[in-house]
Amino acid sequence: MARTPSKKLTATLNYYLEPDKGGDAVFYPGTAGDKRRRQAPVRVEVEDMRACREQPALDTQGFQLIEEPSCEKKFDDEERIKSIYHDECAQIVKR
């Protein structure tokens, strides 16, 4: 994978609150209650991992970066993304 200069940005990510901090102890995914779960905004620094000397590994970081071409080039049509790109991603994960 080609190396690019390191790029960092600061972003706000929303994390679900733990029960001892006012979050829900039990929730049911896909329900209205799940959508209303309390969150805490946290400012974090996000770094473009493509520039790192040591690439993340699935066994240690839980993800890895791969370079894989896609038939989808525009990413402007939700139906094409679902029918083409999602299937391509599923095939990559199965490997």
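Structure data summary
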| quantity | calculated |
| --- | --- |
| Of all residues in the stretch 61-81 being under 17 Å from the mean Cα position of the chain (by Cα) and assigned to a helix (DSSP H, G or I), the one that is surrounded by the most Cβ atoms within 10 Å (Cβ to Cβ) | Ile81 |
| Residue list for the stretch 27-50, filter: over 18 Å from the mean Cα position of the chain (by Cα), under 30 Å from Val93 (Cα atoms) and either among the aliphatic types (A, V, I, L, M) or not in a loop (DSSP other than H, G, I, E, B) (or both) | Asp34, Lys35 |
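Bear in mind that the values in this text are calculations on the coordinates, not laboratory data. Since we're looking at a predicted model, the values are computed, not measured. A quick note on method: Cβ atoms are made from the backbone with ideal geometry, for glycine too, and the neighbour counts reach across all protein chains shown.
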